[in-house]
Amino acid sequence: MEQNGVRVIIMAQFDSRNPKERPPRENGGGNNSDPGFNWRGILLIIAATALVGIAIMGRTPYGAPDTLTWDKFEGLMESNAIKKTTPLEIIDEEGKPTQWLVGEYADPKAHKGGNPQFRVEVSAKFQPNLTEDLKEAGYKTNIKSAQSFLNSPVMAFLPVLLILVMIYFFFRQQIRMAGKGAMSFGKSKAKMLSREKNRITFKEVAGVEEAKDEVEELVEFLKDPKRFQKLGGRIPKGVLLVGPPGTGKTLLARAIAGEADVPFFSISGSDFVEMFVGVGASRVRDMFEQGKKNAPCIIFIDEIDAVGRHRGTGLGGGHDEREQTLNALLVEMDGFDTQEGVIIIAATNRPDVLDPALLRPGRFDRQITVNLPDVKGREQILKVHAKRVKVAEGVDLAVIARGTPGYSGAELANVINEAALMAARRGMKAITLKELEEARDKVRWGRERRSLAMSDKEKENTAYHEAGHALLCELVENMDPLHKVTIIPRGPALGLTMYLPEADQYTNRRKELLDRLVVIMGGRVAEEIVFGDVTNGASSDIRHATTIARKMVCEWGMSDAMGMVEYGAHEEHVFLGRDIGKNRDYSEATAQEIDREVRGLCDSAYARAKDLLAANRDKLEMIAKALLEFETLDGDQIREIIKFGQMKNPPPPPGSENKPRTEPPPHPNEGTTVAPDYPGGLTEAPSPLAQ
C-alpha cells in the first residue's frame with residue numbers, strides 16, 4: 001500500500017470460503033427557572049378545577065324543581081305547606097308578561113320527587129299585586145332578574161371556552177414549532193459556535209505545519225483587517241481544504257476560528273439539499289446573510305462536494321435541485337465583499353468532482369492540501385492525544401510514529417484510544433509500548449481472531465504461504481524490511497506478512513516494483529512447491545500484482561514495448577456522471593499488447609519467485625515449522641532462521657499470554673477479503689471471495 005508516497009505492504013493468506021454527543025438541550029425562553037417544574041400543568045389543573053366547580057354550582061342536588069299551577073299553589077298556601085322562613089323568589093323575565101315564583105316546601109319528604117323546591121308560572125296580567133298579596137299572607141319575597149350570571153349565554157359557552165384554552169396550552173409548543181417549520185424551510189441550518197464554546201487553537205492541531213502556515217494570513221486578517229486594507233491587499237474570499245479523510249481538515253478550520261477569536265458557522269454540504277425545490281438556494285442566501293450580520297466570522301462548509309459537484313453530469317433528466325443550489329452558491333461568493341470580514345472555508349476529499357467555476361480565483365482563491373503526516377508529524381499527533389491518557393514512563397512515541405507510515409491523524413488517535421482500552425481490560429495502570437504496538441496492528445489490520453477454528457491442514461497451508469512471502473522479502477534486494485509474520489487470523493485474513501519501510505518513501509523505482517511482484521507471488525509459489533497444488537487464498541495477491549503491473553505499463557511508462565505513453569485516463573476515484581460516456585483512447589490492438597505486457601511482468605515475477613524458493617527450500621521449511629510452533633514471528637526472528645538455521649531469541653509459546661477471546665468464530669462457510677491498498681494510492685472496496 002502506498003498513501004502519498006508512504007508505502008506499507010501487506011501479504012495475506014485470505015479465508016477463501018464464501019461470505020454469507022446529542023448535547024443536552026439548553027433552557028430557552030430567557031428564564032432561569034427549574035426546567036423540571038411544569039407550570040403549564042399547574043395552570044391546566046387550576047382551570048379544570050374551576051370548570052368542575054362552576055358546573056357543580058350551577059346544579060341542584062335534587063334535580064329540576066316541580067312546576068305547579070297557580071291553583072295548586074294557592075291550595076298549598078292555605079294548608080301552610082310552603083316554607084315561610086325561606087323567601088319566595090319572584091323571577092322577572094325582561095320583555096315577557098309572565099313571571100316565575102320559586103319557593104320551597106315546608107315538608108319536603110311529603111313530595112315524591114324529593115326536591116324541596118317548586119316553581120309556579122305567574123301571569124303578571126292577572127296578578128298585578130303579587131308582592132303585596134304574598135306579604136299579607138306572611139311570606140317574604142325576593143325579586144330577582146332572570147338574566148343572572150349562571151343563566152347568561154356567557155355561562156353557557158364558558159365550558160367550551162375553557163376546553164379550547166386547555167387544548168391551546170397542551171399544543172401550544174407543537175403549534176409554534178409547526179409554524180416555525182412551515183416558514184423556515186429556507187433558513188440556513190448553519191450552527192454558530194460562539195467564542196466561548198470554541199476553545200480549539202493551533203496547539204491542538206499537529207502534523208499539518210505547512211497548512212497551518214498558509215492559514216496564518218487568515219487569522220491575522222480577522223484579527224486586524226485594517227492592516228491589510230491600508231496596503232490594498234485582498235484576503236482570499238474562500239479557502240478550500242483538500243486531503244484524505246481523517247487528516248484534520250475540520251479541526252484545522254475550528255482552530256482558525258479559535259485563534260482569530262471570531263464566530264464560527266459550521267454546516268455540511270448535505271444540509272443544503274432537501275426534498276423541496278429551491279430550499280437549498282434559499283439556505284445559501286440566508287447563510288451568507290447571517291455571516292454578514294456577525295462579521296468578522298468564518299463560515300465552514302464540510303463535505304462541499306455534496307453540493308458543489310460538476311454541473312451537467314446528472315444521469316437522469318429533469319431539473320437538478322443540487323445544481324440550483326450550486327448556482328446560488330456561485331452567485332453569492334462572486335458578489336461577496338471580502339472587506340466585510342467573512343471568509344468561507346470548505347473541506348473535501350474529492351476535489352476532482354467539484355465544478356471548475358467554484359474553484360476559480362475570486363471564489364475559492366486558495367487551495368490548501370492537508371496531507372497525511374510524515375514521521376515527525378505522526379509523533380506530534382501521538383503526543384497531543386497521549387496527553388488525554390496515562391502513558392507509562394519511558395514510552396517512546398517516536399517508535400510508534402516510525403511504525404505507522406500512512407496513518408492519518410484519525411487513525412493515530414484511534415491507536416491511542418485502542419491502547420488505553422486494551423490496558424484497561426488487562427488491569428494496568430498505564431499504557432506501555434506493547435499495548436501501543438498491538439493497537440497499531442489492530443487499527444490497520446484488524447484484531448486477532450484466536451477463536452477461529454482452523455484445521456491442521458489449513459494452518460499448514462497458511463504457514464507455508466506466509467513463509468514464502470517472508471523468505472522472498474529477505475532474498476530480494478529492493479524490498480522494505482520485514483516487520484512481522486503471523487498465521488493467527490486477523491480481521492478477514494487467515495494470515496499476514498507485514499512490511500514497514502525504514503523511512504517515509506514518496507517514489508517507486510522500477511527494480512523495487514519488480515522485486516515487489518516477486519514477493520507477492522511467493523505465497524502461491526510456496527503452495528505449489530510444497531503441496532503440488534494451489535488454493536484460492538492467493539486471490540488478493542493476484543489482484544495486487546495485476547494492479548501494479550498494469551500501472552507500470554499504462555501509467556508509469558515502465559514497459560519497453562509500450563514506451564512512455566499513458567493508456568487510458570486513470571482517475572483515483574471514478575465519477576460516474578462524468579466518466580460514463582468516455583471511450584477508450586487506444587485501439588484494440590494496443591489493448592492486446594497491454595494485456596501481453598501485464599501478463600509478461602506477472603509471469604516473469606512468478607518464475608523468478610519459483611526459482612528462489614526452490615533453491616532455498618530448506619529455509620522455507622524452517623520458517624513454516626517455526627510459524628506452526630509459535631504462530632507469530634517478527635522480522636528479526638525470521639532473519640535469524642535464514643542466517644543461523646534457528647532462533648536465538650524465540651517468542652513465548654502460544655497460550656502463555658492470557659488474551660481475551662470474546663469474538664465468536666465465524667460460520668465455516670463464511671469468509672471475506674480485506675481491501676488491499678496499492679502503490680499510487682489506489683484502493684478497492686472489500687469484495688467477497690468466490691470459490
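The values are calculated or read from the model by the stated rules, or taken from the named source; none is laboratory data. Note that the structure is predicted; figures quoted are calculated from it, not measured. No Cβ is skipped: glycine too gets one built from the backbone with ideal geometry, and neighbour counts run over all protein chains shown. Note: areas computed on protein heavy atoms with side chains; ligands, DNA, RNA excluded. Shrake-Rupley method; radii C 1.70, N 1.55, O 1.52, S 1.80 Å.
Things worth noting here:
Residue-wise test of (1) outside any loop (DSSP other than H, G, I, E, B); (2) more than 18 Å from Gln637 (Cβ to Cβ); (3) at pLDDT below 90.
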position	(1), (2), (3)
Leu494	yes, yes, yes
Met498	yes, no, yes
Glu502	no, yes, yes
Asn508	no, yes, yes
Val518	yes, yes, no
Val525	yes, yes, no
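- Residue list for the stretch 403-420, filter: out of contact with any helix residue (DSSP H, G or I) (no Cβ under 6 Å at 6 or more places or on another chain), part of a helix (DSSP H, G or I) and under 24 Å from Val485 (Cα atoms): none
- The set of residues in the stretch 570-598 being open to solvent by less than 90 Å² (accessible area, probe 1.4 Å), at pLDDT 60 or above, outside any helix (DSSP H, G or I) and more than 25 Å from Lys511 (Cα to Cα) consists of Tyr586, Ser587.
- Scanning the stretch 502-515 for residues that are open to solvent by 10 Å² or more (accessible area, probe 1.4 Å) and either over 22 Å from Arg550 (Cβ atoms) or touching a helix residue (DSSP H, G or I) at 6+ places or on another chain (Cβ under 8 Å) (or both) yields Glu502, Ala503, Asp504, Asn508, Arg510, Leu514.
- For the stretch 188-197, the criterion of a residue being modelled with pLDDT under 75, more than 16 Å from Pro296 (Cβ to Cβ) and out of contact with any strand residue (DSSP E or B) (no Cβ under 8 Å at 6 or more places or on another chain) is satisfied by at least one position.
The rows are residues; the columns are (1) in contact with a helix residue (DSSP H, G or I) (Cβ under 7 Å, 6 or more places away or on another chain); (2) of a type in the set (A, V, I, L, M, F, W, C); (3) at positive phi.
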site: Ile520; (1), (2), (3): yes, yes, no
site: Ala526; (1), (2), (3): yes, yes, no
site: Asn536; (1), (2), (3): no, no, no
site: Asp541; (1), (2), (3): yes, no, no
site: His544; (1), (2), (3): yes, no, no
site: Glu555; (1), (2), (3): no, no, no
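- Pairing each residue of the stretch 597-621 that is under 19 Å from Ala549 (Cβ atoms) with any residue that is aromatic (Phe, Trp, Tyr) and not in a loop (DSSP other than H, G, I, E, B), provided the two are 6+ apart or on different chains, yields no C-beta distance under 6 Å.
- Pairs, first closer than 30 Å to Leu130 by Cβ and modelled with pLDDT of 70 or more in the stretch 49-78, second basic (Lys, Arg) and open to solvent by 40 Å² or more (accessible area, probe 1.4 Å), C-beta under 8 Å, six or more apart: Pro65/Arg119; Asp66/Arg119; Thr67/Arg119; Leu68/Arg119
- When residues of the stretch 421-446 are limited to those that are in a helix (DSSP H, G or I) and open to solvent by less than 30 Å² (accessible area, probe 1.4 Å), the one farthest from Thr247 (Cα to Cα): Ala423
- Residue that is surrounded by the most Cβ atoms within 10 Å (Cβ to Cβ) [pool: residues in the stretch 385-410 that are of a type in the set (Lys, Arg) and more than 26 Å from the chain's Cα centre (by Cα)]: Arg402
- Being touching a Lys or Arg at 6+ places or on another chain (Cβ under 6 Å) and either surrounded by fewer than 21 Cβ atoms within 10 Å (Cβ to Cβ) or not charged (D, E, K, R) (or both) holds for only one residue in Met479, Met498, Met562, Met552, and it is Met498.
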